[in-house]
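Heads up: the structure comes next, in structure tokens.
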């Protein structure tokens, strides 16, 4: 690498990778980032519950833009410590999302801004179910953040501007029968067979594509697990399927649950385990247009759930933009390109100063 910015960002990313921070164990990384920003003279504070806030955290005369990223990673897969190789940073969380955190830290240290005020939101427990995230409680106890004009959630997008996000329902689908001897199955009622019929019927539900703001989001439902049986010679009296349903922006959480029950209600008993809402598509926000122009960014739908939904619930327009490649997230060989880190930094720097 000959790009000094890319080298600096790669070094910072490696530094952050080498502070392990699996979900619920983010405190050492939060303390490290707090210390780095304090030492660099940035306005920063411990916001509690593994959250760190830097920069401006309440709206003034200028628009307020938040950059947001999570500290936590999935569990390690033999990919710590990190390493630099071939212009990439390799290691746990490099793409999702310590490379993005490195961009945030460097922008905060440089005092980026000019056209807007800038706040930096670091938080924990994003890789867990949304009900355990540290972000929603932070937005509740920090009302100034809810005044922001735009939040940029720096999830891996490979430097593509991704708008909105899908809602995410996880459910348990239980089928009941009567146990019996497998030599005389007519004396029993096979719950696994009942589940098989239900699963096949759900498989027939085709993906529905929704166009919102010129972008296409796919509404999909899947069975991800099926559990049953106690022995090879016993007809099972119970079978449990795990169902995952992704629904588009604009569909409410209650309506989404009703739709899923309509598909599953005739067979078995459906219990909703979690429902993370979809994120709105802020296509009319002028700051989104300015961000797109600043980096000449491609625009795409977010075919997944991200914390833009949590900002949306708090009344804040939010988009997804980060240097990580989504295909690298959660993989054993996870890595992020130093070139991508520098490109993300330059785009955000230009946007924040109004270039």
If I ask for residues that are assigned by TED's automatic domain parsing to the domain that holds residue 172, part of a helix (DSSP H, G or I) and surrounded by fewer than 16 Cβ atoms within 10 Å (Cβ to Cβ), which ones from the stretch 261-304 would you list? 261, 262
Hey, among 69, 99, 91, which residue is on the phi > 0 side of the Ramachandran plot, surrounded by 24 or more Cβ atoms within 10 Å (Cβ to Cβ), modelled with pLDDT of 95 or more and in contact with a helix residue (DSSP H, G or I) (Cβ under 8 Å, 6 or more places away or on another chain)? 91
Among the residues of the stretch 5-21, are any in the same structural domain as residue 78 (by TED's automatic domain parsing) and at positive phi? no
Take residue 16 and tell me if it is within 25 Å of residue 308 (Cα to Cα) and modelled with pLDDT of 95 or more. yes
Could you look through the stretch 40-50, keep only residues that are buried (at least 18 other Cβ atoms within 10 Å of the Cβ) and at negative phi, and pick out the one that is nearest to the chain's Cα centre (by Cα)? 47
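Is one or more of the residues making up the stretch 232-239 out of contact with any helix residue (DSSP H, G or I) (no Cβ under 7 Å at 6 or more places or on another chain), surrounded by 13 or more Cβ atoms within 10 Å (Cβ to Cβ) and closer than 25 Å to residue 305 by Cα?
no
If you check residue 331 against the conditions, is it under 21 Å from residue 22 (Cα atoms) and surrounded by 21 or more Cβ atoms within 10 Å (Cβ to Cβ)?
no
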Of the listed residues (219, 206), the one being closer than 27 Å to residue 315 by Cβ and modelled with pLDDT of 95 or more is 219
Residue tally, condition exposed (fewer than 15 other Cβ atoms within 10 Å of the Cβ) and either under 17 Å from residue 14 (Cα atoms) or in contact (Cβ under 8 Å) with a residue 60 or more places away in the chain (or both), over the stretch 29-39: 2
Residue, nearest to the chain's Cα centre (by Cα), within the stretch 179-207, restricted to residues that are part of a strand (DSSP E or B) and surrounded by 13 or more Cβ atoms within 10 Å (Cβ to Cβ): 189
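The values are calculated or read from the model by the stated rules, or taken from the named source; none is laboratory data. Because the structure is predicted, anything quoted here is derived from the model rather than measured. Cβ sites come from the backbone with ideal geometry, for glycine too, and all protein chains shown count toward neighbours.
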